[in-house]
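What follows is one structure encoded as structure tokens, with my remarks underneath.
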Amino acid sequence: MPERQSTQAEVPEQAGVVRAQSAARTGDAAGTKLGMFVGGLIVALVVGFTLGKVLGPAESPTQGATTGAPAASPGMGGVHAHAPQASAGSEVGGLAVSSGGYTLAPAATVFAAPGPQHLKFVVNGADGKAVTDFAVVHDKPLHLVVVRRDMTGYQHLHPTMAADGTWTVQADLATPGLWRAYADFTAISAGGTQTAIALGTDLTVAGDYRPQPLPAAAREVSADGLTAGYEGTPVIGASQPMLFTVKQGGATAALEPYLGSFGHLVVLRELDLAYVHVHPEPALVNGGVKFWLAAPSPGRYRMFFDYSVGGKVRTAQYTLEVK
Ligand SMILES: [Cu+2]
């Protein structure tokens, strides 16, 4: 696993709104399909399923199962809102330990002391048996995001699965307090139905919890001579482009492919830590990576942008205020 480094956003907010370059978007047919997909998600939300859109085989048997074309996979892990036409999409996930017929079952959630922990869990299907068939999305069958409830200590991990469906990964629960773990995956049922979902559980680390306040909103984060910034302003209930660019010495740094795309963005809502997992467009846009993001509500969010420059993966973190 590449070396990782997190940075805190402390730079005051700057102006700058990027316009939707809808003409440059790929695939109108895909956009229509995505619209149906997002519509389905909203219906699912109304009836109480936070996420858990079930992709029937008739929609596309390959959705979410491709390794080489990440942004063409609306079924991939979590929430997606790539197209402005799919404007009503503002779903969240990660709030429930069980949803869409799948249940996250951690082996342990209480830890006696801070430090590295061996996390172990299974994902059970509706039949109560551990799921062993997962679609590879962004090069991995399952993505595990771990963060303390005050949004510090962010980690984006990739557990490995044993034949019986048991996932294990080393996580650094470095400080006492309540942590949140999100399993972001696309499960494949025996009939071939794919379900993209993010399930979440709390983890407790005993000790003296010293919660950190959320840093002020910012559009740029600098570390190691690199400045990662974004343009775009999220709108409630409507997908907006968010273009992330990394600068080095005033020039645009070359973003390298990392897990099947040029960057990954995880967005968590303050207060309930709802998980808004967006994914990028496959091609670079003016040297940056463009995500589509629909804000589910007003409030503050923390955005975690994973990117690779010079062979090293870093995470830029930003506080975002949505009005
Ligand atoms: Cu991942």
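The values are calculated or read from the model by the stated rules, or taken from the named source; none is laboratory data. Remember, predicted model here, so these are calculated numbers, not experimental data. A quick note on method: Cβ atoms are made from the backbone with ideal geometry, for glycine too, and the neighbour counts reach across all protein chains shown.
Do you know which of the residues in the range 182-199 that are away from the ligand (no atom under 13 Å from the Cβ) and either touching a Leu at 6+ places or on another chain (Cβ under 8 Å) or under 24 Å from Val110 (Cα atoms) (or both) is modelled with the highest pLDDT?
Ranking the candidates gives Leu199 first.
Checking the conditions here, which among His143, His158 is surrounded by fewer than 16 Cβ atoms within 10 Å (Cβ to Cβ), closer than 27 Å to Pro296 by Cβ and under 16 Å from the mean Cα position of the chain (by Cα)?
On inspection, the qualifying residue turns out to be His158.
Could you tell me whether any residue of the range 300-323 is over 13 Å from His138 (Cβ atoms), in contact (Cβ under 8 Å) with a residue 12 or more places away in the chain, in contact with a His (Cβ under 6 Å, 6 or more places away or on another chain) and more than 15 Å from the ligand (Cβ to nearest atom)?
no
Condition test on Asp202, is it at pLDDT 95 or above and acidic (Asp, Glu)?
yes
May I ask you to verify whether Pro282 is of a type outside the set (D, E, K, R), within 23 Å of Tyr182 (Cα to Cα), surrounded by fewer than 24 Cβ atoms within 10 Å (Cβ to Cβ) and more than 16 Å from the ligand (Cβ to nearest atom)?
It is false that Pro282 is of a type outside the set (D, E, K, R), within 23 Å of Tyr182 (Cα to Cα), surrounded by fewer than 24 Cβ atoms within 10 Å (Cβ to Cβ) and more than 16 Å from the ligand (Cβ to nearest atom).
Got at least one residue in the range 124-133 being under 22 Å from the mean Cα position of the chain (by Cα), within 16 Å of the ligand (Cβ to nearest atom) and crowded, with 18+ Cβ neighbours inside 10 Å?
No, there is no match, as no residue in the range 124-133 is under 22 Å from the mean Cα position of the chain (by Cα), within 16 Å of the ligand (Cβ to nearest atom) and crowded, with 18+ Cβ neighbours inside 10 Å.
Given the residues Ala113, Ala190, which is the only one that is among the hydrophobic types (A, V, I, L, M, F, W, C), out of contact with any Phe, Trp or Tyr (no Cβ under 8 Å at 6 or more places or on another chain) and either over 26 Å from Glu270 (Cα atoms) or free of Cβ contacts under 8 Å to residues at least 40 places away in the same chain (or both)?
Within the list Ala113, Ala190, the selection yields Ala190.
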